[in-house]
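Here is the structure we will look at, set down as C-alpha cells.
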Amino acid sequence: MIRIEPRAGTGRTRRGTSLHRKTAELATRDESQSVLSNTDIAELLAQQAERETGILSRAFRRAARSAFLWPAEVSDLIEQNRALTELRGVGPFIEKQIRNWMEKPPRRAKTVPAVRQDFISLAEARRRLARRPAWPKKLHGDLQMHSRWSDGSGTIAQMAHAAKERSYEYIGITDHSKTLKIAGGIDERALKAQGAEITEVNVAIRKSGLDLTVLRSIEMNLNPRGEGDMSPESLVNLDLVLGSFHSSLRATENQTERYLAALRNPNIHILGHPRGRIYNFRIGLKADWPRVFAEAARLDKAVEIDCYPDRQDLNVELLKFAREHGTRISLGTDAHHPWQLEFIDVGLAAALRARIPDDRILNFMPRGELQAWTQRLRDRNTSKT
Ligand SMILES: [Zn+2]
C-alpha cells in the first residue's frame, strides 16, 4: 500500500505525521494536473524504496534517481506505445509498477522530504526551455566535466567531440585534484601532462576548421578551511580554477566561514557545487547564503550550478539570493561521460527560473570575455602582493 497524502483540494487533507515532521509543503497543485510527471514518479519510486528491502529497495532507489535524467516524460512514452524499459534504471518489474501508477494515479504526496526537494527532471527542464528558445541559444559552453584523467570515461578528444556536436565554443576540463583519491585525482605532474594533451586536441580542432577551444581547468579539492591541494604555480597556466568541497559535507552547523574562506582563496575563480547536496542521499551544507553570495559578488567570483540531475546545486531557491546580489553564475554539467553534456539543460532551466540576468552567466560570455574575466581576477591578486 502506497502511503500518499490526499491532494490539496480533495477536502480530505490529513495533518502531516511524525514521519513528515521534518518535511516542507509541496506547492499546491492544480487538480487538472492528474498526469504524473517524471518528478512525481521519482517521488513515488523513492517512497516505494523506503517500503522495500534489499535488492528491490535499491532498484527503486536507483530508478528514482534516474527519473531525473530520463530524456522524455513517461506519459509521452506511453502515449507513443513505447516501452519504459528504454529508460535508465527501469526493468520490467519497475515498468509494471510505473504503468500501474500511470493508470491509476495515487494521490500525490503532500510533502516531500527535504533531501528530495527542489529537483526538476531533465524532461521538465526541456519543456521550460522550449518555451523560451532564445535562452539556451545564449550558451557558449560547459565549465565542469571530467575525463579519463580522473574519474570520467571519455578522453579529452571524446569530450571535445561531444561539445562540437552541441556547437559549443568552449568546454572546461575539470578533472579532480590529487587529494580526492577516490575519484582518481591528479597531481601537478599529471596536470601538466594533461595540459600538453589539451594543446594537441586544440591544434587538431583548429586544423579541422572548427571554432571550439578546450579550456584547461581543474576541480580543485578544498579542505573545510577553504584551502586547495595544488601548488599555486601549477594553477597559473590554467584558464579557470574551480574549487569544491568534498569532505565534511554532513556537518549540521552553519558553514558560512568555510565558504567565505574558499571565495577569498586567491587561486579560485568558481565555487563548484556549493551545497554539496545529492538527491535522496545528502541534504548539503547550511550557510548564510546571502552573505556568501554578497562576498562572491564583491570579489567578482562565480558560484556554480552543478547541472548533474541528482545534484542541481545551486538550486533555484538559493539562486534567487545570488540574483539579488548580482553574483556571477557558472554552469557545469559535471559530466563523467560524453553523453552527459546534455545535463546542461537542467542548469539552464534553473537559471531561467531564478531569473538570473544573462550578463551574470559565465557560459553566456564568448571565450575571449571569459578569459578576460579570469585575467582580471589574477591581475588583482598580483597587484596586491
Ligand atoms: Zn565535485
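The values are calculated or read from the model by the stated rules, or taken from the named source; none is laboratory data. Every value quoted in this text rests on a predicted model; they were computed, and no experiment measured them. Neighbour counts are summed over all protein chains in view; Cβ atoms, including those assigned to glycine, are modelled from backbone coordinates with ideal geometry.
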Inset, instruction - Give the number of residues within segment 322-335 that are under 12 Å from the mean Cα position of the chain (by Cα) and on the phi < 0 side of the Ramachandran plot. - result: 5
Inset, instruction - State whether one or more residues within segment 340-357 are modelled with pLDDT of 95 or more and more than 27 Å from ARG131 (Cβ to Cβ). - result: no
Legend entry - ALA354 vs. criteria over 16 Å from GLY332 (Cα atoms) and of a type outside the set (Val, Ile, Thr): yes
Inset, instruction - Working only within segment 239-255, note down all residues that are among the β-branched types (Val, Ile, Thr) and under 21 Å from the mean Cα position of the chain (by Cα). - result: VAL241
Legend entry - Those residues of segment 212-224 which are out of contact with any helix residue (DSSP H, G or I) (no Cβ under 6 Å at 6 or more places or on another chain) and not β-branched (Val, Ile, Thr), in sequence order: LEU215, SER217, GLU219, MET220, ASN221, ASN223
Legend entry - Whichever residue in segment 311-337 is acidic (Asp, Glu) and outside any helix (DSSP H, G or I) and, among such residues, is farthest from ALA64 (Cα to Cα): ASP334
Legend entry - Set ARG328, ARG311: member being within 19 Å of LEU180 (Cα to Cα) and among the basic types (Lys, Arg): ARG311
Inset, instruction - Quick one: which residue in ALA157, ALA204, ALA162, ALA183 is within 16 Å of the ligand (Cβ to nearest atom) and either closer than 20 Å to CYS307 by Cβ or in contact (Cβ under 8 Å) with a residue 12 or more places away in the chain (or both)? - result: ALA183
Inset, instruction - Kindly list, by first and then second residue, each pair from a residue in segment 248-267 that is in a loop (DSSP other than H, G, I, E, B) to a residue that is among the acidic types (Asp, Glu), limited to pairs with Cβ atoms under 7 Å and residues at least 6 apart or on different chains. - result: ASN265/GLU227
Inset, instruction - Might you let me know whether segment 348-359 holds any residue that is within 15 Å of the chain's Cα centre (by Cα), within 22 Å of ASP310 (Cα to Cα), of a type in the set (Val, Ile, Thr) and in the same structural domain as ALA160 (by TED's automatic domain parsing)? - result: no
Inset, instruction - Take the residues in segment 207-230 that are part of a strand (DSSP E or B) and closer than 23 Å to LEU260 by Cβ, then tell me which one is farthest from the ligand (Cβ to nearest atom). - result: GLY228
Inset, instruction - Return yes or no: is LEU238 outside any loop (DSSP other than H, G, I, E, B) and either assigned by TED's automatic domain parsing to the domain that holds GLU304 or hydrophobic (A, V, I, L, M, F, W, C) (or both)? - result: no
Inset, instruction - Would you tally the residues in segment 165-180 being surrounded by 22 or more Cβ atoms within 10 Å (Cβ to Cβ) and either within 16 Å of the ligand (Cβ to nearest atom) or hydrophobic (A, V, I, L, M, F, W, C) (or both)? - result: 7
Inset, instruction - Working carefully through the options ARG99, ARG107, find the one that is surrounded by fewer than 16 Cβ atoms within 10 Å (Cβ to Cβ), at pLDDT below 95 and either within 22 Å of GLU52 (Cβ to Cβ) or within 16 Å of the ligand (Cβ to nearest atom) (or both). - result: ARG107
